[in-house]
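These notes concern the structure reproduced below.
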Amino acid sequence: MAENMVVKVLLESLRYLTRKKVRLIFNDLTTTKPAGSLFGYDRGTPVDRYYIEKFIAANAHLIQGRVLEIGESLYSRRFDERVKAFEVLDTTPDNKDATIIGDLTDIATLPENAIDCFICTQTFNFIFDVQKAVAGAHHLLKPGGVLLATVTGISQISRFDMDRWGDYWRFTTSSAQRLFEPVFTGGVEIESFGNVLAATAFLQGIAVEDLPDRRQLDERDPDYQLLITIVARKVA
């Protein structure tokens, strides 16, 4: 969801105070409380966002034509060289940026064969009827269109989402493959990002900026799948 100015100011204040007053201890096994409960937003860049942005940047060449995102045009406007139309999907007309009002789990509310590229980050975790949502994503795309999706593998509960519409799923590469491949017969590429350091930092609410060397995040351990990425194509 887009942050308003008040939220941005509050988060900036929290980052300043947290960095000044909280000393991070990775090997403290005596406390049951995390360093932070806001995924790292209060300190800087959350670890999962570091991976999401690397994934989107690596697939920027697929962001073209009529591009759809959920809630706001965050990444399509960042990589807009080949974008002809910015579309935003939301369930409510209260979102002034929404160009399509619909529900991913109900294809009757969605346009068919309309989108060239659908960027859908960190959304499927919060939809109980996730199989219907995958079918809805496929329904939206033009033949030959592509879905760029990310889902969570390892994470705390998102209390904001849990209290409003629900936080339902955590994925692995295996479950993502079985979920997307039968629907997207044009081809599916699935990868995971993460290692034990990344998972520990993310669960503790530690930001990328807190780590002594962020390059350690780039080491991949398939047994610690913090983030799953999906490139799924609709058959042409």
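The values are calculated or read from the model by the stated rules, or taken from the named source; none is laboratory data. On a predicted model such as this, the values are computed, not experimentally measured, just so you know. Counting neighbours? That spans all protein chains shown, and the Cβs are built from the backbone with ideal geometry, glycine included. Surface areas here come from the heavy atoms of the whole protein model, side chains and all, with no ligands, DNA or RNA. Shrake-Rupley method; radii C 1.70, N 1.55, O 1.52, S 1.80 Å.
Structure data summary
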read-out: Whichever residue in the range 62-82 is part of a helix (DSSP H, G or I) and either more than 20 Å from His138 (Cα to Cα) or among the hydroxyl-bearing types (Ser, Thr, Tyr) (or both) and, among such residues, is most open to solvent (accessible area, probe 1.4 Å); value: Arg77
read-out: Qualifying residue in the range 105-128 (condition: small (Gly, Ala, Ser), in a loop (DSSP other than H, G, I, E, B) and in contact with a Lys or Arg (Cβ under 8 Å, 6 or more places away or on another chain)); value: yes
read-out: Residues of the range 195-217 satisfying the condition of being touching a residue at least 40 places away in the same chain (Cβ under 8 Å) and open to solvent by 50 Å² or more (accessible area, probe 1.4 Å); value: Thr200, Leu203, Gln204, Glu209, Arg214
read-out: Restricting the range 179-214 to residues that are of a type outside the set (A, V, I, L, M, F, W, C) and in contact with a helix residue (DSSP H, G or I) (Cβ under 6 Å, 6 or more places away or on another chain), the residue that is nearest to Thr150 (Cα to Cα); value: Ser192
read-out: Top-ranked residue of the range 150-205 - restricted to ones that are in a loop (DSSP other than H, G, I, E, B) and among the hydroxyl-bearing types (Ser, Thr, Tyr), ranked as nearest to Ala133 (Cα to Cα); value: Tyr168
read-out: Index of the failed condition, Ser158 passing every other in (1) in contact with a Ser or Thr (Cβ under 9 Å, 6 or more places away or on another chain); (2) within 16 Å of Phe118 (Cα to Cα); value: (2)
read-out: Members of the range 162-191 found to be over 12 Å from Ile230 (Cα atoms) and either surrounded by 14 or more Cβ atoms within 10 Å (Cβ to Cβ) or of a type in the set (A, V, I, L, M) (or both), listed by number; value: Met162, Asp167, Tyr168, Trp169, Arg170, Val183, Gly186
read-out: Test set (1) open to solvent by less than 70 Å² (accessible area, probe 1.4 Å); (2) in a loop (DSSP other than H, G, I, E, B) - Asp223 fails condition number; value: (1)
